[in-house]
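For reference, the structure discussed in these notes is given below.
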Ligand SMILES: *Cc1c(COP(=O)(O)O)cnc(C)c1O
């Protein structure tokens, strides 16, 4: 009875931090410093040998603090805490979700390679794959969750890309429709495309489920990326990103981060540690509220359809994926309002408590119109096939009293 495996939420206040190293302060201070003083030249030499991979760490050796682009206590402790939720070997925190995503792609793709990605993906990701990567000779090829493994394969073959794919990139549930992808199937596709001298890595954007409700590394993913701006930060007051995975892959991600210099700063690291202390209670309350909001919307005469993971049809393929990969239906939902853009806008303009803003996963409830806002850049053809119509409204549910959220939705719908 002397040793106990503590749950991640029990460790978010203390894990990885030694008060004795900071005058006994119960909380990790903000190490607002660019560089760290070495005790001797020999020590500086030893730190650099490890940091630059010139030798492996000795069994009990800890990487010494050198310079805040390489390491800083606020980032290191935060990264150790983030590892607990996903049971990852290592984590690297970035200055935004987009810098996390673009760094992973630049590290694992080279000119002549291809990336196979799920459709739809976040707008910024879509832009990076289709507008930026082609400038470096890298081709993007999208697949949807209505295609079988064989169909995806035949498509790649038709384009002569089957030997070029180096990464399978998946965003599930897909924003804004909650469409699900089977991660084990994505892993199978990656394995089929791998050869003895080419490993195809699977990278999953888990922003929509946060570190709590889906753990992609357990379902075959090699890397997980987050916009930490969303659930991890959770208070709409910072921009940050994170990548997690096995040491083998993370060493490469961390090294490129060091030389691109796109790590988060100490102040952001400190804010994220503060956020992690309440991650579980925030997200649990948000998911609880969403059950009630979804229930209310699905019986409302002015609502045509609700897209919510808790309402998937039992026995369907989507339901099977949901049961396998998720521990909660989450706090994101979207719905089709009866009518079109005019009705959707009327609803959004009449909200009093829920804020009309993009982003998601924070303590306050947010509403937006994907077709003209977050997804306005998506082609008409893709919008139609994915269901991003003029009548679609997306909601991110916060921690307010559920009856106040529902009151607000009710009075705004009355005006449509
Ligand atoms: C917001 C978001 C991103 C981009 O993250 P930033 O922190 O804004 O750079 C990437 N993926 C998803 C799913 C997102 O919602």
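Please treat every number below as a calculation from the coordinates, not as lab data. These numbers were taken from a predicted model, which means no experiment stands behind them. No Cβ is skipped: glycine too gets one built from the backbone with ideal geometry, and neighbour counts run over all protein chains shown.
Summary table
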| quantity | calculated |
| --- | --- |
| Residue ID - nearest to residue 180 (Cα to Cα), chosen from residues in the range 106-118 that are buried (at least 20 other Cβ atoms within 10 Å of the Cβ) and within 16 Å of the ligand (Cβ to nearest atom) | 118 |
| Options 320, 344, 287; residue that is within 20 Å of the chain's Cα centre (by Cα), in a helix (DSSP H, G or I) and away from the ligand (no atom under 16 Å from the Cβ) | 287 |
| Odd one out for residue 272 among (1) under 23 Å from residue 360 (Cβ atoms); (2) out of contact with any strand residue (DSSP E or B) (no Cβ under 8 Å at 6 or more places or on another chain) | (2) |
| Residue among 141, 163 that alone is more than 16 Å from the ligand (Cβ to nearest atom), more than 30 Å from residue 229 (Cβ to Cβ) and touching a helix residue (DSSP H, G or I) at 6+ places or on another chain (Cβ under 9 Å) | 163 |
| First in the range 124-137 and farther than 23 Å from residue 358 by Cα, second anywhere and away from the ligand (no atom under 16 Å from the Cβ), Cβ under 6 Å, 6 or more apart | 136/111; 137/111; 137/112 |
| Yes/no for residue 168 being more than 16 Å from the ligand (Cβ to nearest atom) and not in a loop (DSSP other than H, G, I, E, B) | yes |
| Residues that are within 18 Å of residue 8 (Cα to Cα) and either more than 10 Å from the ligand (Cβ to nearest atom) or in a strand (DSSP E or B) (or both), drawn from the range 233-242 | 234, 242 |
| Residue tally, condition touching a residue at least 40 places away in the same chain (Cβ under 8 Å) and either within 9 Å of the ligand (Cβ to nearest atom) or in a loop (DSSP other than H, G, I, E, B) (or both), over the range 212-232 | 11 |
| Of all residues in the range 194-211 being crowded, with 23+ Cβ neighbours inside 10 Å and more than 12 Å from the ligand (Cβ to nearest atom), the one that is farthest from residue 169 (Cα to Cα) | 211 |
| Residue match in the range 357-366 (condition: over 25 Å from the mean Cα position of the chain (by Cα) and touching a residue at least 24 places away in the same chain (Cβ under 8 Å)) | no |
